[in-house]
Ligand SMILES: *Cc1c(COP(=O)(O)O)cnc(C)c1O
């Protein structure tokens with residue numbers, strides 16, 4: 001397939017003003033300062049060339065609207081289109097962020113009520129809706145933790161992070177100035193309590209934890225962990241990026257967590273990926289409310305208004321965050337209702353366990369126990385045929401499925417061959433069965449025809465790009481050969 005630059009024909013144009021409606025020169029219409037002094041290297045193509053080029057490119061893409069997308073730890077689920085529509089309503093998109101609060105009472109009410117719903121779902125006391133991503137929410141959360149200790153005149157320098165944690169956790173802690181200390185996992189995939197006890201001290205701000213953890217397993221000793229950390233005056237941070245397993249079943253606030261972030265762009269009806277707008281709402285317990293970013297939305301009697309927490313860590317984003325993501329989360333929560341939210345989690349968990357039960361014979365999981373909303377299988381048994389997990393994932397593309405997350409989590413005892421499947425609640429049994437059957441078929445192919453897998457995918461325009469090179473040395477400017 002040609003690049004649009006390769007389709008360029010000298011002198012070809014899409015549209016130009018007709019002589020009879022346009023007299024004079026371009027300088028009469030556009031001020032001097034706005035005119036470029038250099039000739040831009042743009043492709044010279046017609047309108048139909050442009051339309052066909054981009055339409056063709058869009059067909060090479062694969063998204064949740066095309067088919068199954070079981071990318072573990074990402075919650076690539078179907079999001080109702082009606083919520084996208086609601087987020088486009090003029091009253092939301094046209095509201096000026098500097099408008100006086102009297103004129104945007106509805107928007108403030110939406111934020112207030114969304115906060116109330118998130119408090120109810122998580123068991124926290126107050127939320128900021130300002131952060132624009134999960135990682136951004138983490139940074140806000142750990143900055144709040146840092147300020148809490150500084151405010152007591154006893155700053156702490158370390159943060160505990162389990163080895164199974166999402167990579168953003170250590171990154172956020174380091175950005176907030178903490179020294180990251182790793183806590184090991186035990187034989188059943190949970191936090192090793194002895195290691196935790198040995199490492200938790202009074203110079204440690206606390207622990208960043210995910211439950212279910214990043215291998216999709218429920219952390220059974222959460223009470224003990226909370227006791228160890230709290231007994232040294234530390235705080236528990238909950239990475240709630242994947243709340244799909246807990247809605248309406250367990251509340252992090254009740255389990256002893258002090259700070260929580262949620263990815264509204266995973267669980268709460270905003271598609272995520274490609275760096276699109278997100279929202280990493282952060283919730284805290286009472287003793288941390290005064291450190292939240294400013295401003296917060298309040299219900300000040302007659303009106304909804306804004307208030308400044310007394311010892312706020314400050315502003316973390318322009319205006320009110322990615323407001324349309326909040327609109328979608330609000331609409332989704334209301335349309336699901338409490339019972340619907342619970343069913344989301346129950347269905348996510350059942351779907352993942354169904355995949356695990358059907359595939360564990362073919363792709364041995366590291367831990368043989370029930371999972372939550374995602375399961376971690378491995379491709380380790382096919383190494384002896386010269387087949388890597390990467391080859392299995394690539395072969396799935398030939399069968400019309402987006403591959404699951406692979407090589408993550410990447411710590412022992414997974415021997416680097418992990419396959420993390422998150423079916424989400426939005427898939428029906430037929431689709432999941434189809435996926436299971438294909439996975440079983442591929443396990444046969446791995447033994448009988450490994451070459452087929454190593455050369456997969458066979459049906460895509462590009463088969464095996466050098467992903468590392470594309471990442472490290474991206475070619476972003478077209479150069480004529
Ligand atoms: C996705 C994810 C994050 C990061 O969220 P972003 O919005 O991509 O910054 C953090 N933790 C976990 C467990 C996640 O799955």
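The values are calculated or read from the model by the stated rules, or taken from the named source; none is laboratory data. None of the values given here were measured: they were computed from a predicted structure. Quick reminder, even Gly has a Cβ in these numbers, built from the backbone with ideal geometry, and neighbours come from all protein chains shown.
For the stretch 427-469, give me the residue count where each residue is in a helix (DSSP H, G or I) and at pLDDT below 90.
Qualifying residue count for the region: 1.
Tell me yes or no: at least one residue of the stretch 136-147 is closer than 20 Å to residue 176 by Cβ, assigned to a loop (DSSP other than H, G, I, E, B) and within 16 Å of the ligand (Cβ to nearest atom).
There is no residue in the stretch 136-147 that is closer than 20 Å to residue 176 by Cβ, assigned to a loop (DSSP other than H, G, I, E, B) and within 16 Å of the ligand (Cβ to nearest atom).
Taking the stretch 184-208, which residues are under 24 Å from the mean Cα position of the chain (by Cα) and modelled with pLDDT of 95 or more? Give the derivation first.
Taking the stretch 184-208 as the starting set, the residues that turn out to be under 24 Å from the mean Cα position of the chain (by Cα) are 185, 189-191, 206-208.
Scanning the stretch 184-208 gives 206, 207, 208.
Out of the stretch 232-252, which residues are within 21 Å of residue 173 (Cα to Cα) and away from the ligand (no atom under 12 Å from the Cβ)?
Once the filter is applied, which keeps residues that are within 21 Å of residue 173 (Cα to Cα) and away from the ligand (no atom under 12 Å from the Cβ), the stretch 232-252 yields 232, 233, 234, 235, 236, 252.
Is it the case that residue 209 is farther than 22 Å from residue 365 by Cβ, touching a helix residue (DSSP H, G or I) at 6+ places or on another chain (Cβ under 9 Å) and within 16 Å of the ligand (Cβ to nearest atom)?
In short, no.
Can you tell me how many residues within the stretch 75-114 are touching a strand residue (DSSP E or B) at 6+ places or on another chain (Cβ under 7 Å) and either within 16 Å of the ligand (Cβ to nearest atom) or closer than 26 Å to residue 273 by Cβ (or both)?
Number of matching residues: 1.
Within the group 444, 427, which residue is in the same structural domain as residue 367 (by TED's automatic domain parsing) and buried (at least 19 other Cβ atoms within 10 Å of the Cβ)?
427
Contact list please: Cβ distance under 7 Å, first residue in the stretch 457-468 and touching a residue at least 40 places away in the same chain (Cβ under 8 Å), second residue loosely packed, with under 10 Cβ neighbours inside 10 Å, pairs at least six apart or on different chains.
Between residues of the stretch 457-468 that are touching a residue at least 40 places away in the same chain (Cβ under 8 Å) and residues that are loosely packed, with under 10 Cβ neighbours inside 10 Å, the close pairs are 461/1.
Hey, can you tell me all the residues within the stretch 433-459 that are closer than 30 Å to residue 348 by Cβ and out of contact with any helix residue (DSSP H, G or I) (no Cβ under 6 Å at 6 or more places or on another chain)?
433, 434, 435, 437, 438, 440, 441, 443, 444
Among what's in the stretch 288-343 and is in contact with a helix residue (DSSP H, G or I) (Cβ under 9 Å, 6 or more places away or on another chain) and in a strand (DSSP E or B), pick the residue that is surrounded by the fewest Cβ atoms within 10 Å (Cβ to Cβ).
Out of the qualifying residues, it is 303.
Name the one entry in 228, 259, 215 that is within 16 Å of the ligand (Cβ to nearest atom) and within 25 Å of residue 176 (Cβ to Cβ). Break it down stepwise before answering.
Working: 228 fails: within 16 Å of the ligand (Cβ to nearest atom); 215 fails: within 25 Å of residue 176 (Cβ to Cβ).
Going through 228, 259, 215 in turn, just one is within 16 Å of the ligand (Cβ to nearest atom) and within 25 Å of residue 176 (Cβ to Cβ): 259.
Before we move on, is residue 68 farther than 23 Å from residue 427 by Cβ, more than 16 Å from the ligand (Cβ to nearest atom) and in contact (Cβ under 8 Å) with a residue 40 or more places away in the chain?
Numbers: farther than 23 Å from residue 427 by Cβ: no; more than 16 Å from the ligand (Cβ to nearest atom): yes; in contact (Cβ under 8 Å) with a residue 40 or more places away in the chain: yes.
Judged against the criteria, residue 68 is not a match.
Determine whether the stretch 122-129 contains at least one residue that is over 21 Å from residue 251 (Cα atoms), modelled with pLDDT of 95 or more and surrounded by 19 or more Cβ atoms within 10 Å (Cβ to Cβ). Even if it seems obvious, please write down each step before you answer.
So in the stretch 122-129, the residues over 21 Å from residue 251 (Cα atoms) come out as none.
Scanning the stretch 122-129 turns up no residue that is over 21 Å from residue 251 (Cα atoms), modelled with pLDDT of 95 or more and surrounded by 19 or more Cβ atoms within 10 Å (Cβ to Cβ).
Out of all the residues in the stretch 27-38, is one or more closer than 30 Å to residue 398 by Cα and outside the structural domain of residue 355 (by TED's automatic domain parsing)?
Filtering the stretch 27-38 down to residues closer than 30 Å to residue 398 by Cα leaves none.
Within the stretch 27-38 (the criterion being closer than 30 Å to residue 398 by Cα and outside the structural domain of residue 355 (by TED's automatic domain parsing)), the answer is no, since none of the residues qualifies.
For the stretch 168-252, list the strands (runs of 3 or more DSSP E) that sit wholly inside it and hold at least 3 residues that are crowded, with 24+ Cβ neighbours inside 10 Å, in contact (Cβ under 8 Å) with a residue 40 or more places away in the chain and in the same structural domain as residue 147 (by TED's automatic domain parsing); which are they?
Qualifying strands (runs of 3 or more DSSP E): 204-209, 235-240.
Please count how many residues of the stretch 262-287 are surrounded by fewer than 24 Cβ atoms within 10 Å (Cβ to Cβ) and away from the ligand (no atom under 16 Å from the Cβ).
Residues meeting the conditions: 3.
Out of 367, 363, 354, report the one residue that is closer than 25 Å to residue 166 by Cα and modelled with pLDDT under 95. Quick ask: steps written out before the conclusion?
On the way: 363 fails: modelled with pLDDT under 95; 354 fails: modelled with pLDDT under 95.
Testing whether each residue is closer than 25 Å to residue 166 by Cα and modelled with pLDDT under 95 leaves just 367.
I'd like to know if the stretch 118-129 contains one or more residues that are within 16 Å of the ligand (Cβ to nearest atom) and assigned to a loop (DSSP other than H, G, I, E, B).
yes
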